[in-house]
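**Student:** Let me begin by handing over the structure; questions about it come next.
Throughout, read-outs are computed from the coordinates displayed, never taken from laboratory work. On a predicted model such as this, the values are computed, not experimentally measured, just so you know. Positions of Cβ are generated from backbone atoms using ideal geometry, with glycine treated the same way; all protein chains shown enter the neighbour counts.
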Amino acid sequence: MRVSLRFFGRMLLLTIALTAFLPRVTLAGTIDASRPTVFVTGANRGIGLAFAQHYTGTGWNVLAAVRAPDRATELLELAKSYEHLIIEQLDVTDNERIAALADAYRNTPIDVLINNAGVYGDTEKQAWGSIDAVTFHQVLAVNVFAPMKLAEAFSDHVAASEQKKIVSITSGAGSVSRDGRAGGGMFYGISKASLNMAMRQIRAELEGRDVIVALIAPGLVATDMLAVARPSLFANANTPTQSVVGIAAVIESLDESYDGRPRNYNGAVIPW
Ligand SMILES: NC(=O)c1ccc[n+]([C@@H]2O[C@H](COP(=O)([O-])OP(=O)(O)OC[C@H]3O[C@@H](n4cnc5c(N)ncnc54)[C@H](OP(=O)(O)O)[C@@H]3O)[C@@H](O)[C@H]2O)c1
């Protein structure tokens, strides 16, 4: 028993040591201080990639955070033709890495922080009769705690910018006031309702700093997530580009009159 404990101890130390050397790459573009800056998480595919494409297309500095930069093929391709795109490694559940990035960019005002990265969670493990604790924690860690931590870590960068906007991508599945099942997985809906409350709390925390804390839903969008979550709706969903054009217009329109309630990508108010 003592031998196997020592063995596991060594394996744990080895794992920690190896993890410390995992690539935490920054793929360098440059920040042009005369341009607005957006920071978007989960920028390698789906809606996040469409955000990177949209904001590079409109001339912004784009800080594109992805879990695995070497596998972010489309972003890497985009970076070849656009100088002000910087690809940063970030697993949004890695709080140390969030702090390191916040420190690395301490002198960079961030006009718009977009908490886009999200997970749906294994469908079976959130089905009634087989709800699973580990899956629940994973979904909440990515969909709720990470956006809170990112908002906290980057609130000074946002407050120092011209536009001062923190945007979290929510979903109609998080509407508590809707009758019956909002559709989709139980954990996912709970996570988006929690995200909505989290951003309400953060809005209150940041009161007086002129920071707009917004919740925007993308509608049904044909991404990997929808293919798993609601495959029957995939064919009639918007493309990521269509959704992001709408979301970007909503972001642009946000001003001090914004009341904090979730908006759809077409600007409609979504009930809490
Ligand atoms: N598609 C829809 O119809 C729909 C509807 C309502 C709301 N939403 C919301 O829209 C957002 C984007 O979803 P999507 O449809 O584009 O989904 P997607 O295609 O599945 O993409 C999810 C993105 O999140 C990233 N991600 C997941 N866990 C992460 C982690 N721990 N650290 C860093 N990145 C992580 C993924 O990176 P990897 O490639 O590394 O996994 C990927 O880039 C999500 O918040 C989702 O809840 C989508």
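**Student:** Mind giving me the nanometre distance, one decimal, between the label points for residue 74 and residue 34, set 7 Å out from Cα along Cα→Cβ?
**Tutor:** Output for this residue pair reads 3.1 nm.
**Student:** Given a Förster radius of 41 Å and the C-beta distance between residue 156 and residue 124 as r, what FRET efficiency does 1/(1 + (r/R0)^6) yield to the nearest 0.05? Show your work: numbers first, answer last.
**Tutor:** Details: r = 42 Å, r/R0 = 1.02.
Once rounded, the FRET efficiency stands at 0.50.
**Student:** For the chain, what does the relative contact order come out to in percent, with C-alpha contacts under 8 Å and a separation of six or more?
**Tutor:** Working: 490 pairs, mean separation 44.1, N = 272.
With pairs under 8 Å counted, the relative contact order is 16 percent.
**Student:** Per the helix-only calculation at 222 nm, which mean residue ellipticity applies to the chain, given -39500 (n - 2.57) for every DSSP H run of n ≥ 4 and division by its residues, nearest 500 deg cm²/dmol?
**Tutor:** On the way: 9 runs with 112 residues, N = 272.
Only helices count here, giving -13000 deg cm²/dmol.
**Student:** With a ≥ b ≥ c the root eigenvalues of the C-alpha gyration tensor of segment 189-266, is it rounded (a/c under 1.5), prolate (a/b larger than b/c) or oblate?
**Tutor:** Details: a/c = 3.68, a/b = 1.73, b/c = 2.12.
Judged from the Cα gyration tensor, segment 189-266 comes out oblate (a/c at least 1.5, b/c at or above a/b).
**Student:** Taking the Kirkwood radius as the inverse of the mean 1/r across Cα pairs, report the Rg/Rh of segment 48-146.
**Tutor:** On the way: Rg = 16.0 Å, Rh = 15.3 Å.
Across segment 48-146, the Cα-based Rg/Rh ratio is 1.05.
**Student:** Using amide H atoms built in the peptide plane, which far-off residues or other-chain residues are under 5 Å from residue 217 H to H?
**Tutor:** Under 5 Å from the amide H of residue 217 lie the amide H atoms of 170, 263, 264, 265, each far enough along the sequence or on another chain.
**Student:** State which helices in the chain qualify, where a helix is a whole DSSP H run, it must extend 15 Å or more along its own axis by its Cα atoms, and its mean Kyte-Doolittle hydropathy must be at least 0.5. Show your work: numbers first, answer last.
**Tutor:** On the way: long enough: 2-20 (27 Å, 1.19); 46-57 (17 Å, 0.40); 146-159 (19 Å, 0.24); 186-205 (28 Å, 0.00); 240-253 (19 Å, 0.99).
The qualifying helices are 2-20, 240-253.
**Student:** Once the piece of chain linking residue 228 and residue 178 is laid out straight, how much longer is it, given 0.36 nm per residue of separation minus the C-alpha distance between them?
**Tutor:** Working: separation 50, 0.36 × 50 = 18.00 nm, distance 2.28 nm.
Extending this stretch completely gives an extra 15.7 nm.
**Student:** Then there is this: Hey, what's the Kirkwood Rh for the chain if you take every pair of different alpha carbons, in angstrom?
**Tutor:** Answer for the chain: a Kirkwood hydrodynamic radius of 19.4 Å.
**Student:** While we're on this one: Would you mind checking the pairs 125/164; 165/192; 80/164 and listing those with alpha carbons more than 31 angstrom apart? Write down the numbers at each step before the final one.
**Tutor:** Details: 125/164 38 Å; 165/192 19 Å; 80/164 29 Å.
Violating the 31 Å limit, Cα to Cα: 125/164.
**Student:** Take the Cα atoms of segment 135-228, build their convex hull, and give its volume per residue in Å³.
**Tutor:** Numbers: hull volume 10.3 nm³, N = 94.
So the per-residue hull volume is 109 Å³.
**Student:** Additional query: Taking 0.36 nm per residue of sequence separation and subtracting the Cα-Cα distance, how much length would be gained by fully extending the chain between residue 81 and residue 253, in nm to one decimal? Display every interim value, and only then the final one.
**Tutor:** Details: separation 172, 0.36 × 172 = 61.92 nm, distance 2.88 nm.
The residue 81-residue 253 span can extend by a further 59.0 nm.
**Student:** If packing is taken as the average number of other Cβ atoms within 10 Å across a peptide's residues, how do 136-144, 108-116, 123-131, 88-96 rank, most packed first?
**Tutor:** 108-116, 136-144, 88-96, 123-131
**Student:** Also, quick follow-up: Among residues other than residue 255 whose Cβ falls under 12 Å from its Cβ, what is the net charge (Lys/Arg +1, Asp/Glu -1)? Mind dumping the intermediate values first?
**Tutor:** Numbers: positive: 164, 165; negative: 210, 252, 256, 259.
Counting the neighbours of residue 255, the net charge comes to -2.
**Student:** How are the C-alpha pair distances of segment 90-143 spread across 5 Å bins, as whole percents from the shortest bin up?
**Tutor:** Over segment 90-143, the share of Cα pairs per 5 Å bin runs 4, 16, 19, 19, 13, 10, 8, 6, 3, 1 percent.
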